[in-house]
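Engineer: Got a structure for you, written out below as structure tokens; questions coming shortly.
The values are calculated or read from the model by the stated rules, or taken from the named source; none is laboratory data. Here the structure is a predicted model, which is why all the values come from computation and not from measurement. All Cβ positions, even for glycine, are placed from backbone atoms using ideal geometry, and neighbour counts span all protein chains on display. Each accessible area value is taken on the protein alone, full model and side chains, heavy atoms only, with ligands, DNA and RNA left out. Shrake-Rupley method; radii C 1.70, N 1.55, O 1.52, S 1.80 Å.
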Amino acid sequence: MAQRRLQLEIYRYDPNDPQTAPRMDRFEIDEEPMMNLFTVLTRIREEQDPSLMFDFSCRAAVCGSCGMLINGKPQLACQTLTQTLPKKTTLHPLPVFRHVGDLGVDTGTWFRTMYENIGSWVHTEEEFDPQAIEQRLPNDLMLEIYELERCIECGCCVAACGTANVRDDFVGAVTVNRLARFMIDPRDQRTNLQYYDVMGTDDGIFGCMGLLGCDDICPKEIPLQKTLAMVRRKMAMTGLKGK
Amino acid sequence: MEKVLTDVLVIGGGLAGERAAVEAAMRGCDVTVISLIPARRSHSCAAQGGMQAALGNTAKAEGDSVDVHFNDTVKGSDWGADQDRIRLFVEAMPQVVRQMDHWGVPWNRVVPGKFTFHKRGQKHEAEDRQEKAGLITQRDFGGVSYWRCAYTADGTGHTLLYTMDNVAAKFGVKIHDRVEAVALIHDGQNCLGAVVRDLRDGSLRPYLAKATVIATGGFGRIYGKSTNAIQNEGTGCIIAQDTGLVPLGNMEAIQFHPTALVPVWILITEGCRGDGGYLLDRDNHRFMADYEPEKQELASRDVVSRRMIQHIRAGKGVEGPYGQHLWLDIRHLGRRHLETRLREVTDICRHFIGVDPLTEPVPVLPTQHYSMGGVRTDIDCAAYGLRGLYAAGEAGCWDMHGFNRLGGNSLAETLVTGWIAGTKLCDYIEKDFDAAFAPKLIEEAVRAQQARIDGLIKGGGDENVYQLRKEMEDALLDNVHIFRNGPQLEKAVNELKDLHARSRKLKLESHGKWANPELSMALKLPGMIRLALSIAYGGLKRTESRGSHYREDFPARDDQNWLKRTLAYWKQPDDELPTLEYEAPVITESPPGSRGYGESQVIPAEGKK
């Protein structure tokens with residue numbers, strides 16, 4: 001592979017400095033084999049502009065820190081290899097989430113609010129008995145829960161959501177998926193009616209316009225289309241049967 | 001000045017920190033967790049393989065017990081650990097796994113019937129019993145006698161952390177993310193909280209607490225090449241050591257994981273070898289069977305890493321664009337296995353280096369992975385030197401790992417030590433807390449940190465932050481790695497001493513205002529170099545080989561002179577080197593003996609053979 005000189009146009013704005021208008025800064029860097037955007041951005045910060053703000057943690061696509069718009073598409077920067085990119089690439093922060101600076105957005109507060117709103121934990125009346133052995137559960141069901149639990153909360157599905165981009169109150173696919181994980185878990189004793197209270201609304205599952213940008217871009221390939229359909233059906237049935 | 005008042009301050013939002021927070025919240029304390037990043041993005045989420053608990057559910061775990069878990073862990077530690085902690089730990093683990101199940105972790109379960117598995121290069125068959133159906137199943141791991149590692153596919157850390165964070169939300173634990181503790185506040189006897197920098201706007205504020213827990217994880221990033229997440233820079237250990245009162249234990253005990261992915265240094269779980277994967281050389285030969293006929297690929301990590309480097313030195317490495325490496329081969333485990341139980345690993349190989357482990361072997365090399373050392377604590381997880389200060393998880397040196405941690409024992413330790421720290425600090429707050437939050441003391445602590453920031457912004461130095469950091473990483477990578485020797489360790493100590501002096505004259509290239517990332521790095525770099533010095537100097541003085549600390553010039557484990565733990569203090573800010581003290585490990589049940597794998601040269605303690 002002939003070595004390319006990559007060009008990056010990166011969105012720059014620091015909310016602490018409202019006098020300075022947002023701008024696009026241009027950087028160039030020599031491409032290397034197996035280079036990804038974590039390496040690129042780290043190197044730009046260390047060698048060209050130490051004020052550049054962005055977020056990484058695991059740099060292995062398991063923590064969800066580095067969602068950003070890569071040539072307009074929400075993706076994880078760490079698992080984006082430069083060899084899949086054109087010579088010139090633009091980087092913007094994810095929309096919907098509060099901006100922190102340059103490529104960084106505040107997903108922490110957004111998700112924390114979500115957990116509290118939907119009660120993102122196993123609701124049970126049973127006390128933990130330290131002397132007892134664990135509840136017997138089928139392995140296939142555990143795999144099914146894990147399939148939804150694998151979500152890393154990168155926020156890409158929210159950024160790609162037609163509804164979330166125009167409505168602040170829409171919960172997004174990630175929230176539906178989170179609640180679905182509890183719906184299929186027999187350890188959670190909530191009833192469909194209780195789920196309906198948090199999800200059977202216009203800012204919940206019924207706000208979804210079915211554009212499925214979420215399913216298209218999910219970097220972890222969570223089956224969001226299937227999950228959204230499952231929750232919509234369950235909530236519609238619960239609504240029909242009446243409260 | 002804005003202050004945050006709380007009963008309990010937990011520094012670090014990973015598994016250990018959140019487990020401590022939840023315990024204290026369940027006891028009715030007001031708890032605040034501070035974290036550099038959203039808690040769920042902490043490095044705990046990257047743990048893949050699982051956690052060890054002697055449940056004995058699968059057929060291959062029949063005969064296992066807490067006593068066997070105890071002995072495996074002691075051998076793994078090369079007798080460097082405190083055995084009273086190990087006993088407490090192994091007894092607690094079955095309950096800890098089941099409590100996480102009660103809270104919602106989707107542990108993989110026993111499916112009754114025949115199954116096949118690969119071990120020592122052969123295919124074998126076993127049968128899970130009907131009476132165990134639906135109980136938590138387990139997989140094989142390195143350095144263990146039975147299949148003991150409970151797991152959820154290869155995303156165990158992820159499901160544990162998400163579940164723990166759910167429980168934290170349930171019990172009303174407050175989480176402040178994008179903040180960083182830059183100093184502890186103390187009066188010489190009691191820890192009273194921390195000075196915290198807001199990573200959104202750069203402001204400082206004191207967090208005042210009756211009890212403080214350090215749970216900031218490991219410090220692998222000071223090696224540059226590490227499987228650790230990028231925030232694992234040892235901030236908790238730095239602020240503890242900076243008090244001059246709290247020692248760091250066994251800093252020279254650094255674990256190198258045999259299988260990190262070349263060239264991105266992402267962890268490829270030991271579960272791959274536990275599930276039957278092989279290590280191959282340039283001739284596609286399974287060399288581990290030659291070196292370790294008994295354990296083969298599943299000897300302890302320190303041993304496998306050394307054997308790999310030894311084999312590369314013997315000319316058997318594979319040439320690649322990033323130097324020499326070896327192969328991890330999991331092709332024979334089959335598609336279903338790779339796309340369910342080893343799914344994250346499979347995705348990582350495909351996405352990050354374009355290799356499909358179903359059809360190709362994976363390039364791997366031993367890489368810095370875990371810090372056995374950390375803030376030294378007693379059995380209650382209370383730090384030496386300051387009342388009201390606790391440490392849990394990888395940041396601490398509770399010391400159940402000694403000189404080599406077994407795979408699957410670290411996720412396990414986060415939950416046990418988090419639980420203990422949470423319990424014991426509540427007892428302390430209820431019965432023993434007796435300190436005053438003197439306004440002058442707090443203002444002075446904040447002022448001292450503000451002065452550092454102002455000094456850096458004002459300038460006057462001439463050293464580049466990232467250049468110095470690179471030199472620190474190279475000093476460790478070149479000289480304090482898997483094989484160590486006197487001259488190289490001495491070289492590292494001298495280089496790091498020089499870097500430490502130079503780190504007092506840093507010059508920022510950018511404005512340094514608000515949440516400026518260069519300033520963040522400049523604030524912690526001197527402390528990171530002190531950690532590096534504690535590792536290198538502790539390693540230079542330890543003239544023996546034990547667990548992960550291997551000295552080519554002193555290849556034997558020396559129980560006569562070195563059956564002891566290093567305690568590294570940084571007594572005065574102007575000191576050039578840490579002050580090293582030593583203490584004996586607690587040996588309650590198992591006198592030093594043979595590990596049954598590895599190089600096993602031992603100089604016995606006097607009067608023993």
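Engineer: Any chance the range B:225-235 includes a residue that's of a type in the set (Val, Ile, Thr) and touching a Lys or Arg at 6+ places or on another chain (Cβ under 7 Å)?
Structural biologist: Scanning the range B:225-235 turns up at least one residue that is of a type in the set (Val, Ile, Thr) and touching a Lys or Arg at 6+ places or on another chain (Cβ under 7 Å).
Engineer: Does A:Val122 satisfy the condition of being touching a residue at least 60 places away in the same chain (Cβ under 8 Å), in a loop (DSSP other than H, G, I, E, B) and either facing another protein chain (nearest Cβ under 10 Å) or within 27 Å of B:Gly217 (Cβ to Cβ) (or both)?
Structural biologist: So A:Val122 fits the description; yes.
Engineer: So which of B:Arg350, B:Arg341, B:Arg376, B:Arg335 is among the basic types (Lys, Arg), within 12 Å of chain A (Cβ to nearest Cβ) and either open to solvent by less than 10 Å² (accessible area, probe 1.4 Å) or free of Cβ contacts under 8 Å to residues at least 24 places away in the same chain (or both)?
Structural biologist: None of the others qualify; the one that does is B:Arg350.
Engineer: Would you check which residues across the range B:528-547 are buried (at least 24 other Cβ atoms within 10 Å of the Cβ) and farther than 15 Å from B:Ala492 by Cα and list them?
Structural biologist: Of everything in the range B:528-547, those that are buried (at least 24 other Cβ atoms within 10 Å of the Cβ) and farther than 15 Å from B:Ala492 by Cα turn out to be B:Ser545, B:Arg546, B:Gly547.
Engineer: Being under 18 Å from A:Cys63 (Cβ atoms) and outside any helix (DSSP H, G or I) is the filter here, so list the residues in the range A:142-181 that pass it.
Structural biologist: Listed by number, the residues that qualify are A:Arg150, A:Cys151, A:Ile152, A:Glu153, A:Cys154, A:Gly155.
Engineer: With respect to A:Gln19, is the statement that it is outside the structural domain of A:Glu153 (by TED's automatic domain parsing) and part of a helix (DSSP H, G or I) true?
Structural biologist: no
Engineer: Which residues, taken from the range B:98-130, are at the interface with chain A (Cβ under 10 Å from one of its Cβ atoms) and of a type in the set (S, T, N, Q)?
Structural biologist: Hits for the range B:98-130 are B:Gln99, B:Asn108.
Engineer: Please specify each residue of the range B:29-61 satisfying the condition of being charged (D, E, K, R) and away from every other protein chain (no Cβ under 13 Å).
Structural biologist: Within the range B:29-61, B:Asp30, B:Lys60 meet the criteria.
Engineer: Let me ask something additional. Which condition number in (1) hydroxyl-bearing (Ser, Thr, Tyr); (2) open to solvent by 60 Å² or more (accessible area, probe 1.4 Å); (3) facing chain B (nearest Cβ under 8 Å) is the one that A:Thr84 fails?
Structural biologist: Only one criterion is unmet by A:Thr84, namely (3).
Engineer: Further question: Looking only at residues that are out of contact with any helix residue (DSSP H, G or I) (no Cβ under 6 Å at 6 or more places or on another chain) and without any contact (Cβ under 8 Å) to a residue 60 or more places away in the chain in the range A:163-182, which one is nearest to the other protein chains (Cβ to nearest Cβ)?
Structural biologist: Applying the filter and picking the extreme gives A:Val171.
Engineer: Which of the strands (runs of 3 or more DSSP E) found entirely inside the range B:101-187 contain at least 3 residues meeting this: at pLDDT 95 or above and crowded, with 24+ Cβ neighbours inside 10 Å?
Structural biologist: B:179-186
Engineer: Kindly indicate whether A:Arg136 is within 7 Å of chain B (Cβ to nearest Cβ) and surrounded by fewer than 20 Cβ atoms within 10 Å (Cβ to Cβ).
Structural biologist: Judged against the criteria, A:Arg136 is a match.
Engineer: Residues that are under 19 Å from the mean Cα position of the chain (by Cα) and at pLDDT below 95: list the helices (runs of 4 or more DSSP H) wholly contained in the range B:219-327 that include at least 2 such residues.
Structural biologist: none
Engineer: If you don't mind, there's one more thing I want to ask. Return the only residue of A:Cys154, A:Cys78 being under 19 Å from the mean Cα position of the chain (by Cα), open to solvent by 10 Å² or more (accessible area, probe 1.4 Å) and over 30 Å from B:Leu55 (Cβ atoms).
Structural biologist: When all the criteria are applied, what remains is A:Cys154.
Engineer: Please work out which one of (1) assigned to a helix (DSSP H, G or I); (2) within 10 Å of chain B (Cβ to nearest Cβ); (3) open to solvent by 10 Å² or more (accessible area, probe 1.4 Å) is the condition A:Asp129 fails and give its number.
Structural biologist: It fails just one condition, (1).
Engineer: Taking the range A:1-36 as the search range and keeping residues that are in contact with a Phe, Trp or Tyr (Cβ under 7 Å, 6 or more places away or on another chain) and open to solvent by 60 Å² or more (accessible area, probe 1.4 Å), which one is nearest to A:Pro86 (Cα to Cα)?
Structural biologist: Checking each candidate, the answer is A:Met24.
Engineer: Regarding A:Gln189, is this residue over 29 Å from A:His92 (Cβ atoms), assigned to a helix (DSSP H, G or I), more than 10 Å from chain B (Cβ to nearest Cβ) and at pLDDT 95 or above?
Structural biologist: no
Engineer: Then there's this: Output the strands (runs of 3 or more DSSP E) that fall wholly within the range B:328-407 and possess 2 or more residues being more than 27 Å from B:Pro106 (Cα to Cα) and touching an Asp or Glu at 6+ places or on another chain (Cβ under 9 Å), or say none.
Structural biologist: The strands (runs of 3 or more DSSP E) meeting that bar are B:362-371, B:374-376.
Engineer: Confirm whether A:Phe111 is within 14 Å of chain B (Cβ to nearest Cβ), surrounded by 15 or more Cβ atoms within 10 Å (Cβ to Cβ), under 21 Å from the mean Cα position of the chain (by Cα) and farther than 30 Å from B:Asp201 by Cβ.
Structural biologist: No.
Engineer: Condition first: touching a helix residue (DSSP H, G or I) at 6+ places or on another chain (Cβ under 8 Å) and either at pLDDT below 95 or more than 8 Å from chain B (Cβ to nearest Cβ) (or both). Now tell me which residues in the range A:139-155 satisfy that.
Structural biologist: Scanning the range A:139-155 gives A:Leu148, A:Cys151, A:Cys154, A:Gly155.
Engineer: Could you please find all residues in the range A:93-105 being buried (at least 17 other Cβ atoms within 10 Å of the Cβ) and either at positive phi or more than 7 Å from chain B (Cβ to nearest Cβ) (or both)?
Structural biologist: Matches in the range A:93-105: A:Pro93, A:Leu94, A:Val96, A:Phe97, A:His99, A:Gly101, A:Asp102, A:Leu103, A:Gly104, A:Val105.
Engineer: Quick check: is even one residue across the range B:529-539 closer than 21 Å to B:Phe483 by Cβ, more than 14 Å from chain A (Cβ to nearest Cβ), at pLDDT 95 or above and in a loop (DSSP other than H, G, I, E, B)?
Structural biologist: no
Engineer: Take the residues in the range B:356-365 that are within 23 Å of B:Gly220 (Cβ to Cβ) and open to solvent by less than 10 Å² (accessible area, probe 1.4 Å); name whichever of them is nearest to the chain's Cα centre (by Cα).
Structural biologist: Result: B:Val364.
Engineer: Which pairs do you get when a residue that is under 13 Å from B:Glu233 (Cβ atoms), found in the range B:199-222, comes within reach of a residue that is open to solvent by 10 Å² or more (accessible area, probe 1.4 Å) and of a type in the set (Asp, Glu), reach meaning Cβ atoms under 8 angstrom, with the pair 6+ apart or on two chains?
Structural biologist: Between residues of the range B:199-222 that are under 13 Å from B:Glu233 (Cβ atoms) and residues that are open to solvent by 10 Å² or more (accessible area, probe 1.4 Å) and of a type in the set (Asp, Glu), the close pairs are B:Gly217/B:Glu394; B:Gly218/B:Glu394; B:Phe219/B:Glu233; B:Arg221/B:Glu233; B:Ile222/B:Glu233; B:Ile222/B:Glu473.
Engineer: Within the range B:190-204, can one find any residue that is within 14 Å of chain A (Cβ to nearest Cβ), buried (at least 24 other Cβ atoms within 10 Å of the Cβ), among the polar types (S, T, N, Q) and not in a strand (DSSP E or B)?
Structural biologist: No, the range B:190-204 has no match at all.
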